[in-house]
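Here is the structure we will look at.
Bear in mind that the values in this text are calculations on the coordinates, not laboratory data. Treat the numbers as computed from the prediction; the structure is a model and nothing was measured. Every residue, glycine among them, receives a Cβ derived from its backbone with ideal geometry; neighbour counts consider all protein chains shown.
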Amino acid sequence: MIPRCGIAKPVLLEKDVSLGEGVKVLQGISIGGNSVIGAGSVVIKSISVNVITVGNRCKVIKNLGDREKNKYCHYGWLLF
C-alpha cells in the first residue's frame with residue numbers, strides 16, 4: 001500500500017509573534033501580529049492579532065492593548 005502524500009500548506013507568522021517552547025501549529029494556519037502562544041499549545045485554527053492564547057486547542061485568554069503588546073516577550077520565547 002502506498003501512503004498518501006499531499007502538499008503541505010504553509011504556516012503564516014506575522015510580525016512580532018511569540019511562540020512558547022513546544023508549540024505545535026497545524027498546516028495552513030496564520031498567526032496574527034503581536035500575538036503570544038503559550039508553551040505546549042496546539043494551534044488548530046488561525047489566531048487574530050494582539051492576543052495571548054494557550055492550551056491544547058489553543059484558546060484566547062487575553063486581548064492585548066497597545067501598551068501591553070510588547071510586555072509579553074520574555075526570555076525563552078521565540079520572537080519572529
**Complete:** Given 8-17, 22-31, the highest-first ranking by average Cβ count within 10 Å works out to 22-31, 8-17
**Item:** Table column - 3J(HN,Hα) (Hz), the stretch 29-43, Karplus curve with 6.51, -1.76, 1.60, x for Gly and Pro
**Value:** 8, 10, 10, x, x, 6, 9, 10, 10, x, 4, x, 6, 10, 8
**Complete:** The ³J(HN,Hα) series, computed from each phi in the stretch 47-58 with the Karplus coefficients 6.51, -1.76 and 1.60 at θ = phi - 60°, rounded to the nearest Hz and given as x for glycine or proline, is 10, 7, 7, 6, 9, 10, 10, 8, x, 7, 6, 2
**Residues whose placed amide H lies under 5 Å from that of Val51, excluding near-sequence neighbours** = Ser35, Val36, Leu64
**Complete:** Mean Cβ-within-10 Å packing, highest first, puts peptides 53-61, 34-42 in the order 34-42, 53-61
